[in-house]
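Q: Mind having a look at this structure? Questions to follow.
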Amino acid sequence: MGIKVCKFGGTSLADAGQIRKVQDVVNSDAKRRYIVPSAPGKRGSDDRKITDLLYLCHGHAKQHIPFDGVFELITDRYHDIITQLGLSMDLSKYLEKIKTDIAEGASVDYAASRGEYLCGRIIAQLLDYPFVDAADIICFNAGGRFDAEKTQQRVSDRLSGTEQAVIPGFYGQLPDGQIKTFSRGGSDVTGAIVARGVGADVYENWTDVSGLLMTDPRVVDNPETIDTITYRELRELAYMGATVLHDEAIFPVRKAGIPVNIRNTNRPDDAGTMIVDEAQPITHQGTISGIAGRKEFTVISIEKALMNQEMGFGRRVLSVLEVHGISFEHMPSGIDTMSLVIADAQLEGKLDAVLEDLKNECRPDTVDVYPNMALIATVGRGMSHTPGTAAKLFAALAAAKVNIRMIDQGSSEINIIVGVETADFEKAVRAIYKAFVKP
Ligand code: ASP
């Protein structure tokens, strides 16, 4: 029998009703053998995530402020879930211990991780699957970095003899036995690690959307869902602001060539988005996979006659940035010009000093600054080796009267990035969408 590892996000576990849907999803396919739950998330927009409440308890305890009230919210949530699911289990002993531990100075990671721990206990009982504590199999080294090798060994040792298991997401253990969490949203990472560890056929990531949308629904009404996308394309879109999966969740499964399927717990019949590796044949030649963008960039444009012949010019430019602790995003260049595209946050409070140093170190003819820039990435491996894609993109932007300030096409040809005025951002995204996806 094949193996599916299923991670369920916070909204899929927010209350007993949602958890029943999770139970139905798992029971409808015998391959769904390893389940990785998050902590209960928000039940509505003004609700609180259990993880946030746990951070709050820890913050109070640290300042020696009583946190009984906040902790009671957590206790009530779990008790309601158990009662409404009709489970005969008592979480009181765990809850009391957690409260005492936090009061007595337990670490912030320990406190935050308990949301997943308790949720895992509940899901294990409900599904009648063994509970495997993530602390026993997800390992970090003494420096707090994830230890992939040791974890891989532990996961396969511990899970190979277990047909089914519930493993809470988000945390693992340091060599000294202390709990350590991934960054926020880290249950995605746990799911990917478990999928790799057990050699899953697919890693199902269950959330509250039916997959990745081709672009931001706040910009384009009802954008189409992406049915298949490669890890690499996803990285490009995620970098430019599209979020569904935790950044680090891609790497373990990508390494093992395991596809990720983004699914919707509220619409389990929707196929969702399949994230696959590059070896899969391109089915959409000439089309794009998605459009994403980010605002708040500044371009510093440097001109100097015969720049192309001046040895070390680029190095001097970049060393100025390095001295000021600034990283840049793109550096398109011409014969006598070079532009630095830099996120505003990087330049904050430093622009004047950077310009001064550029003038002194590089002796340019001119340096111009263009603030309020936005970058838009049009991504799709269907674009590579397809003449006319760029023409279509630029024609669409021209027809929409969008002035393009910068163009950057990665060498892999799966990505064309354009820089436009922030005021033109929405107009540009809509124009590209219309040209490639829906006229
Ligand atoms: N519960 C954690 C968080 O809220 C981890 C997760 O949900 O993936 O960040």
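Every number here is computed from the coordinates shown, using simple stated rules; none is lab data. Just so it is clear, the model here is predicted, and its values are computed rather than measured. In this analysis, Cβ positions are derived from the backbone assuming ideal geometry, glycine residues included, and neighbour counts consider all displayed protein chains.
Q: Using a cut-off of 21 Å between alpha-carbon atoms, which lysines can reach K99, once sequence neighbours fewer than 8 places away in the same chain are excluded?
A: The qualifying lysines are K49, K62, K180.
Q: How far apart, in nm, are the 7 Å Cα→Cβ label points at Q409 and D344?
A: 3.1
Q: log₁₀ I(q)/I(0) of the chain at q = 0.11 Å⁻¹, via Debye over equal Cα point scatterers, no solvent, to two decimals?
A: One equal scatterer on each Cα of the chain leads to -0.96.
Q: Suppose the Debye formula is applied to equal point scatterers at every Cα of the stretch 1-135; what is log10 I(q)/I(0) at q = 0.13, 0.18 Å⁻¹?
A: So the normalised log intensities work out to -0.54, -0.99.
Q: On to the next question. Can you give me the long-range amide H partners of C139? Hydrogens built in the peptide plane at 1.01 Å from N, cutoff under 5 Å, separation of 5 or more residues or another chain.
A: D147, T151, Q173
Q: For the stretch 351-368, what does the Karplus curve 6.51 cos²θ - 1.76 cosθ + 1.60, with θ = phi - 60°, yield as ³J(HN,Hα) per residue in whole Hz, taken in order and with x for Gly and Pro?
A: So the J values, rounded to whole Hz, are 4, 4, 5, 5, 5, 4, 5, 4, 5, 6, 7, 10, 6, x, 6, 9, 10, 10.
Q: Quick one: compute a quarter of the convex hull surface over the Cα atoms of the stretch 301-410 and quote it in nm².
A: Computing the convex hull of the Cα atoms and averaging its projections yields 8.4 nm².
Q: Gap in Å between the Cα centre of the stretch 173-233 and the Cα centre of the stretch 296-370?
A: 36
Q: Evaluate the relative contact order of the stretch 122-278 (contact order divided by residue number), counting alpha-carbon pairs under 8 angstrom at least 6 apart; express in whole percent.
A: Worked out over the stretch 122-278, it gives 22 percent.
Q: List T243, T11 from most exposed to least, where exposure is judged by having the fewest other Cβ atoms within 10 Å.
A: Least crowded to most crowded, the residues run T243, T11.
Q: What's the angle, to the nearest 10 degrees (0 to 90), between helix 108-127's Cα axis and the longest principal axis of the chain?
A: 60
Q: Under 19 Å Cα-Cα from K304, which lysines qualify once same-chain neighbours fewer than 8 residues away are excluded?
A: Hits, sequence-local ones excluded: K359.
Q: Another question, then. In the structure shown, do any of K31/K93; K7/K438; K7/K434; K7/K255; K42/K255 have a Cα-Cα gap over 23 Å, and if so which?
A: K31/K93; K7/K438; K7/K434; K42/K255
Q: Only sites in a loop by DSSP and with at most 11 other Cβ atoms within 10 Å count here; which trypsin sites (Lys or Arg not before Pro) in the stretch 364-410 make the cut?
A: Those that pass, being in a loop and sparsely packed, are K401.
Q: State, as an integer percentage, the relative contact order of the chain based on alpha-carbon contacts under 8 Å between residues 6 or more apart.
A: Computed over the chain, the figure is 13 percent.
Q: Amide H to amide H, which residues 5 or more places from N415 or on other chains are under 5 Å from it, using H placed in the peptide plane?
A: Sorted by chain and number, the residues that satisfy this are G380, G410.
Q: Further question on the same structure: Under 5 Å between amide H atoms, partner at least 5 residues away or on a different chain: which partners does T230 have, H built in plane at 1.01 Å?
A: The list, which skips near neighbours in sequence, is V276.
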